[in-house]
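Since the structure comes first, as structure tokens, the remarks are kept for the end.
Each value in this text was obtained by applying a stated rule to the coordinates, not by laboratory testing. Please read all numbers here as calculations on a predicted model, not as lab measurements. Here Cβ is always computed from backbone atoms with ideal geometry, including for glycine, and neighbour counts include all displayed protein chains.
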Amino acid sequence: MKKLKLLFPVLLSLLLISCGGEASTTNEQEQPKNQKISGTITGAEGEKVRLMVIENGQQVFIDSTVIVDGYYELQTNTNQLREYVVFVSTDIPAILFLDESSSEVELSGAVPGFGENYSVKGSKHSEDVRDYMKFITQFTQTEQALYNEYNTIDPANTKRKDQIMKSLDSISVIQREYAVENIMKDTTSPVSWMLLNELMPASGIANMDTNDLVYYQRVANGMKSKYSYSEYPGYILTNLVNIRTQLAQLNAPPSAAAEINQPDPDGKMISLSSLKGKVVLIDFWASWCVPCRQANPEVVTLYNKYKSKGFTVYSVSLDEDKEAWKKAIKDDNLSWPYHVSDLKGWSSEPAALYGVGAIPATFLLNKNGEIVGRDLHGSELEQKLLELLEE
């Protein structure tokens with residue numbers, strides 16, 4: 001099943017990327033200014049507007065201001081292609097794709113509902129993003145209701161679960177057709193990067209049309225040709241590699257998981273092999289990784305739901321700061337007892353052993369300690385869990 005990015009479409013591309021390499025930091029230091037974003041926002045007088053950019057797989061602060069007499073003005077730190085996120089209050093934010101052709105952009109709206117019903121001028125890519133959001137929004141309420149029902153009904157009610165999934169997949173077909181049509185209009189557009197999300201059916205990667213993988217390559221090539229300096233085409237290629245890997249693993253026989261024996265926050269050594277007999281999700285993450293922290297609630301829900309039936313989580317942190325690691329465990333309610341780390345960051349020995357180059361990364365193990373899935377999410381993960389727990 002698609003992650004909940006379907007239900008929060010303005011964050012689509014944030015969730016398409018994962019943390020790779022060294023963690024970037026957020027700061028509010030003065031930076032060079034190159035593009036102006038301004039407009040009027042009603043219903044938010046005196047509130048702060050914040051501008052973030054997507055760099056190195058994370059949100060980085062660029063500028064902020066306070067709305068005065070309904071007006072605000074922000075500026076960027078480059079005129080090259082960047083994905084920006086504009087936050088107002090606690091509303092869903094707006095996404096802008098700005099490049100060398102966008103010097104002055106007008107972004108206006110109202111609170112509440114800013115990110116769902118804003119207007120934008122001066123940036124063709126940003127106008128296309130807004131149109132995409134409006135297209136997706138018409139399905140949001142129906143999808144939300146279906147996802148909520150799917151996640152709350154009795155897991156044994158497979159007939160109804162199948163019906164829900166067929167309904168979600170029928171919506172996915174409409175969204176896919178929209179995506180393909182608009183991708184082919186311009187494969188060099190960064191908006192096409194976002195549209196790639198719609199090629200994944202609601203029922204998960206196992207039901208994906210592998211012919212659609214060609215669109216990932218076309219968009220990556222198109223964006224690379226137009227924006228040779230940009231890091232974004234690399235995200236697309238990484239996503240393509242991950243999808244191909246997952247598809248290959250779905251058809252591959254189980255393989256024995258390599259042993260991990262690392263200390264927990266108190267220094268106690270915990271081996272992966274000691275959990276043999278349980279269904280185990282190995283979860284590579286870090287306190288500083290935004291996508292990891294966003295993914296944690298799903299893992300917590302599954303753990304609480306199935307821990308009494310023999311499921312557990314073995315978390316491997318790529319932190320270097322023990323206190324930050326311990327705080328994140330507490331703050332995110334990661335209540336399972338199996339948390340380990342050698343506190344070597346990207347030099348983590350388990351990460352190297354499992355070939356982890358980006359996080360979050362997960363490996364699902366059966367009761368025999370064999371890897372039967374990687375980076376599964378949503379209903380795909382839950383369905384596989386149920387199968388393994390019944391064996």
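Within the chain, DSSP assigns beta bridges of which about 75% are antiparallel (rounded to the nearest 5). Mean sequence separation of contacting Cα pairs (under 8 Å, at least six apart), scaled by the length of the chain, corresponds to a relative contact order of 15 percent. With Cα atoms defining each centre, segment 111-164 and segment 290-362 are spaced 28 Å apart in the structure. In the chain, the longest principal axis of the Cα atoms and the axis of helix 124-152 are about 30 degrees apart.
Normalised by residue number, the volume inside the convex hull of the Cα atoms of the chain is 141 Å³ per residue. Shown is the FRET efficiency for Asn79 and Asn148, computed with R0 = 25 Å from the Cβ-Cβ distance and rounded to the nearest 0.05: 0.05. The calculated FRET efficiency for Ala258 paired with Thr42, based on their beta-carbon distance and R0 = 56 Å, is about 0.45. Between the helical axis of 322-331 and the longest alpha-carbon principal axis of the chain there is an angle of about 90 degrees.
Computed from the C-beta positions of Val66 and Asp186 and an R0 of 45 Å, the FRET efficiency is 0.75 to the nearest 0.05.
The angle between the Cα long axis of helix 378-390 and the longest principal axis of the Cα atoms of the chain comes to about 10 degrees, rounded to the nearest 10. Ordering 101-110, 310-319, 208-217, 169-178 by mean Cβ neighbour count within 10 Å, with the highest value first, yields 310-319, 101-110, 169-178, 208-217. Between Thr158 and Asp321, full extension at 0.36 nm per residue minus the direct alpha carbon distance yields a gain of 54.3 nm.
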